[in-house]
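*Asks:* Once you've had a glance at the structure underneath, I'll fire off some questions.
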Amino acid sequence: MSAIDPIARRTGRFAPLSWRMRVAMGVLLIVAVITVLITNALLTDRFTETTRNRAELRLALYSGNLVSELRRNAIVPQLLARDPSLIGALNSAEYSQSSQRLISYVDEIGAASLMLLDRDGRTVAATDRNRLGEAHRQAAYFVDAVRTNTTVFTTIEREAGGFSFSYSRRVESQNQTVGVIVVEVDLAKFERAWAGISDAVMVTDSTGRIILATEPRWRGLTPEDALNQQPADTAIERAIQATADWTVQEPDAYLRGEAVMRIDGRIPFRGWTLTTFTTYASVREKVNAALALEIMGFALLAALAFYALSRRTALRMALFARESADLRALNDRLRREISERERVQKNLAVAEQSLAQSSKLAALGEMSAAVSHELNQPLAAMKTYLAGARLLIRRNRPEEATSAFHRIDDLIERMGAITQQLKSYARKGQDQLSDVDMADALASALSMMEPQLKSRRVKITRLLPDDPVRVLGDRMRIEQVLVNLLRNALDATKSVSDPQVEIILAAGETATLSVRDNGHGIEDLDSLFEPFYTTKQPGDGVGLGLAISSGIVNDLGGRLTARNGENGGAVFEMQLPVLNETTKAAE
């Protein structure tokens, strides 16, 4: 029996054990394959959608950067066209200081270059002195700017390759065209920024022509021609190394036979389109990370099974050692993929910071337009008082001239207060409110409008209650709203033969001040209080007065409304909480 026992043990005990091991390993293998296939399909769909969403976010970021840069430079020709020194240089043909003045502007503006052309299209001043004397009479940016009184945007293809983008506007003096100011926009910096990322990016105009691209040879072609002519060994091709066999969904496009995710987005500017081609590599990395964990789990189960069922066999121990080595390799690969994922997350954080910076630049552009709008009224009044003071001095009436200078001094303090308010808009709610008499504020606003009222014959009717109407607010900001409302009323009655403005102040649960005119009324009430909406001619306003006024009234706990009167004309009503014990307690 001693000789048979080992054989019995091998045939009667270990043979069934080997059979169970094979069945268990087969079942485990089938479960693992099915689980990995299902996980691969589900996670691929999920991460593909996530990658598409991030690509769309980056596309929105790139589009926002482009639009922000274009809008920031669009206001520059309008401002420089009104520069008295440039207008004087064109009138006198004295340009010795003009180039230096443009050079001082270009660093603050951030434009690529500035050029001042005379009425014959000759460059008389430029930030690049090598361009002085060049003839641009046939250039589109000169011809189009001379023909219109608005800012013109021009795209010109360079002979050396690429495109140049510029804004131009004609310079007028006494209703005569004396020259053209040209502002070149630097959009090539976005190409340089996009070249450092893993995506291929292109911008096409309304005709389908590529005007910006991360690959220089794409410029001037259509997207289809660019993809067909792209060499297989370029940087763009190396950045796109994922194919459709790794994904469940069909790819959006192919680049030289490789599957890519194509995202198209419309840029809200002249029908431009931004297109990005995103690699599927990030999807594969994330799916592989999850699959590696699953495989590692199944491998651990397999190792345990091997250890439990075959611990007496050296061969099975060797297999277990090899499985352990595979697990370690998978673990190292997982660490590398996790490190790559952390790097991608850091890049996304940098992109989010860039988007925040673009928003700040857009806010600065809007703030500069607001300052220009709010200072126009005091500057016009100061000009009138200065003219009157000079006349009084010539007539040997210094006392009355001194009174005019006092008014100018008050206007300067008011301008300082306005700029301080605009500069601290981000801290609204921290201003100290005080008791304001609405009748006194209205009188001060009418005094501010005195030069305009004297220059035109407008019938002003005031209906005020006998008792003072007091509110809790900021008198300077309330006067600012009143000046804007009165100025709009005067502008609305310019084309009326018998202009009339009626001002009614009433007190009830709220203090209501109404400004009525007999103009032509308001056509678009829905867009009236939106920033930069205006019905005035270019140069007469930027469309910020009512938007700023509405924000001021809302900050003071009231509301500003507008409607058309029954007998024609517009009616603006400013309602503010009346000052009483309840208001004081709430404050």
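The values are calculated or read from the model by the stated rules, or taken from the named source; none is laboratory data. Keep in mind it's a predicted model, so treat the numbers as computed, not measured. Cβ sites come from the backbone with ideal geometry, for glycine too, and all protein chains shown count toward neighbours. Note: areas computed on protein heavy atoms with side chains; ligands, DNA, RNA excluded. Shrake-Rupley method; radii C 1.70, N 1.55, O 1.52, S 1.80 Å.
*Asks:* Once amide H atoms are placed 1.01 Å from N in the peptide plane, what residues at a sequence separation of 5 or more from Trp272, or on another chain, have their amide H within under 5 Å of its amide H?
*Replies:* Here the answer is Ile267, since their amide H atoms fall under 5 Å of that of Trp272.
*Asks:* Once R0 is set to 45 Å, what does the formula 1/(1 + (r/R0)^6) return for the Cβ-Cβ distance between Phe269 and Leu379, expressed as a FRET efficiency to the nearest 0.05?
*Replies:* Step by step, r from the Cβ atoms, then E = 0.90.
*Asks:* Using amide H atoms built 1.01 Å from N in the peptide plane, name the residues 5+ places from Ala200, or on other chains, whose amide H lies under 5 Å from its own.
*Replies:* The answer is Phe277.
*Asks:* Something else: Got a sec? What order do Leu486, Leu319 fall in by accessible area at 1.4 Å, biggest, i.e. largest, first?
*Replies:* Leu319, Leu486
*Asks:* Given a 1.4 Å probe and the protein chains all in place, what does the accessible area of Leu505 round to, in Å² to the nearest 10?
*Replies:* 10
*Asks:* Please turn the phi angles of the range 329-338 into ³J(HN,Hα) values with the Karplus equation 6.51 cos²θ - 1.76 cosθ + 1.60 (θ = phi - 60°), one per residue in order, whole Hz, x for glycine and proline.
*Replies:* 5, 4, 5, 4, 5, 4, 4, 4, 5, 5
*Asks:* Can you sort Glu523, Glu224 by solvent-accessible area, 1.4 Å probe, largest first?
*Replies:* On the way: Glu523 185, Glu224 110 Å².
Per-residue accessible area, sorted high to low, gives Glu523, Glu224.
*Asks:* Same structure again: Accessible area of Lys189, 1.4 Å probe, to the nearest 10 Å²?
*Replies:* 70
*Asks:* Which whole-number percent of Cα pairs in the range 66-175 have a distance greater than 24 Å?
*Replies:* In whole percent, the long-distance tail amounts to 18.
*Asks:* Under a Cβ-Cβ cut-off of 9 Å, what is the net charge of the residues other than Thr177 that fall near it, where Lys and Arg count +1 and Asp and Glu count -1?
*Replies:* Result for the local shell: +1.
*Asks:* Okay, next question. Could you calculate the contour length gain from Arg54 to Arg397, that is, 0.36 nm times the residue separation minus the distance between their Cα atoms, to one decimal place in nm?
*Replies:* Extra length available between Arg54 and Arg397 comes to 116.2 nm.
*Asks:* Okay, which of the range 49-79 sit inside 20 Å, backbone N to the point 7 Å along the Cα-Cβ direction of Leu348?
*Replies:* Those under the cut-off are 49-65.
*Asks:* Now, a different point. Roughly how many nanometres apart are two label points built 7 Å out from the Cα toward the Cβ at Val33 and Arg462?
*Replies:* With each label placed 7 Å out from Cα toward Cβ, I get 9.4 nm.
*Asks:* So if I average 1/r over every pair of distinct C-alpha atoms in the range 453-521 and take the inverse, what Kirkwood radius in Å does that give?
*Replies:* The Cα-based Kirkwood calculation yields 13.3 Å.
*Asks:* So, one more: Assuming R0 = 22 Å, can you tell me the calculated FRET efficiency for the pair Ala325 and Leu300, based on Cβ-Cβ distance, to the nearest 0.05?
*Replies:* Using R0 = 22 Å, I get an efficiency of 0.95.
*Asks:* Another question, if that's okay. If you rank Ile181, Ile338 by how much accessible surface each has, with a 1.4 Å probe, what is the order from largest down? Please list the in-between numbers first.
*Replies:* Working: Ile181 0, Ile338 85 Å².
Largest accessible area first, the list is Ile338, Ile181.
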